[in-house]
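Here the structure comes first, spelled out in structure tokens, and everything after it is commentary.
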Amino acid sequence: MLENLLKGKRGLVVGIANEHSIAAGCAMAFRAAGAELAVTYANERSKPFIAPVVAKLDAPLFLPLDVEIDGQMEAVFKAIELEWGTLDFILHSIAYCPKDDLHGPVSQCSKAGFAQAMDISVHSLIRMTRLAVPLMPDGGSILTMSYYGAEKVVDHYNIMGPVKSALEGTMRYLAAELGPKQIRVNVISPGPLQTRAGSGIEHFDELLDAARQRAPEQSLVSIDDVGQIAVGLVSDLSAKVTGNTAFVDGGYHVLA
């Protein structure tokens, strides 16, 4: 259905953890739609879990990117410039918070933990965007990943709620700034999925059950569902869509 929708486009995917991650679902959908991809891995320990996905993507660039290490992000974009010259889209799908701060109440979050969560989850998007703009002379698309806990209080989501709220606010301001350059910036907000990142949240199984029971469609979303909307948002079909949060949650977000 999506075949050739992204033919001729080149994108950077940041945040694949393994074949079950949201970023992997999006990357597979991008590739199926005809896009050529560059993919990153956080460190040597994570690389073997990502490599099988990259092999399926036939990605010409598979590069290290730990956003906390100075110079690595610049090296990724330099490699893209040398390989392709330009870039059409980015998927930013990374977030992190130290376990003690993630599992504790917001009022007890440490200064260091909050700063690290904001740097990795939010400021990395700003830095990535700054480096991408020169490679998007004819416009482009930037996507990042949020969650309903950015908008409403979700039990056990804790400090990641405020962090994701900051991410969504950042997205809107970037969209406004970059609109004149025809660079679109949007957020995808999936329902809870059984991913490695999600499993770090306490009582995550309860959250999954609640989403399954309360969502109007009464089912959980898949990484393929998220991939489909991601393709649409980076394609020319969404040429006038920017500054939006696209919920992919079976309608869960409409309920009081």
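Since every read-out is calculated from the coordinates, none of them should be taken as a lab result. What you see is a predicted model, and the numbers here were worked out from it, not measured in a lab. Counting neighbours? That spans all protein chains shown, and the Cβs are built from the backbone with ideal geometry, glycine included.
The relative contact order of the chain, computed from alpha carbon pairs under 8 Å that lie at least 6 residues apart in sequence, is 20 percent. Contact order, relative form, for the range 110-243: 27 percent (alpha carbon pairs under 8 Å, 6 or more residues apart, mean separation divided by residue count). Across the range 45-57, coupling constants 3J(HN,Hα) worked out from phi with the 6.51/-1.76/1.60 Karplus curve, θ = phi - 60°, read 5, 7, 3, x, 7, 9, 3, x, 5, 4, 4, 5, 7 Hz, and Gly and Pro carry x.
Given the pairs K56/K99; K99/K164; K78/K240; K9/K56, which span a C-alpha to C-alpha distance of over 25 angstrom in this model? From the list (K56/K99; K99/K164; K78/K240; K9/K56), the Cα-Cα distance tops 25 Å for K56/K99; K78/K240. For the chain, leaving out every one of the trypsin sites (Lys or Arg not before Pro) that falls in a DSSP loop and has at most 16 other Cβ atoms within 10 Å, the longest unbroken run is 46-151.
A straight chain from L2 to S46 at 0.36 nm per residue would run longer than the Cα-Cα distance by 12.9 nm. Summarising the label geometry, the points placed 7 Å from Cα in the beta-carbon direction at E151 and S219 lie 2.2 nm from one another. Under a model in which nothing but the beta-carbon of Lys, Arg (+1) and Asp, Glu (-1) is charged, the chain shows a dipole of about 400 debye around its Cα centre.
Computed 3J(HN,Hα) for the range 175-186, one whole-Hz value per residue from the Karplus formula 6.51 cos²θ - 1.76 cosθ + 1.60 where θ = phi - 60°, is 4, 5, 5, 9, x, x, 8, 6, 9, 9, 10, 9, glycine and proline marked x.
Under the simplified labelling scheme, the R127-D236 pair shows an inter-label distance of 3.5 nm, with each label point 7 Å from Cα along Cα→Cβ.
Each of Q182 and E74 was given a label point 7 Å from its Cα along the Cα-to-Cβ line. The distance between the two points is 3.0 nm. Each principal axis of the Cα cloud of the range 10-254 was taken in turn, and the coordinate range along them, longest first, works out to 46, 39, 37 Å.
The calculated FRET efficiency for the pair L255 and K56, based on their C-beta separation and a Förster distance of 35 Å, comes to about 0.45.
The ranking of F247, F30 from fewest to most other beta carbons within 10 Å of each one's beta carbon is F247, F30.
Between W84 and T245, the FRET efficiency from the beta-carbon distance, with R0 = 41 Å, is close to 0.90.
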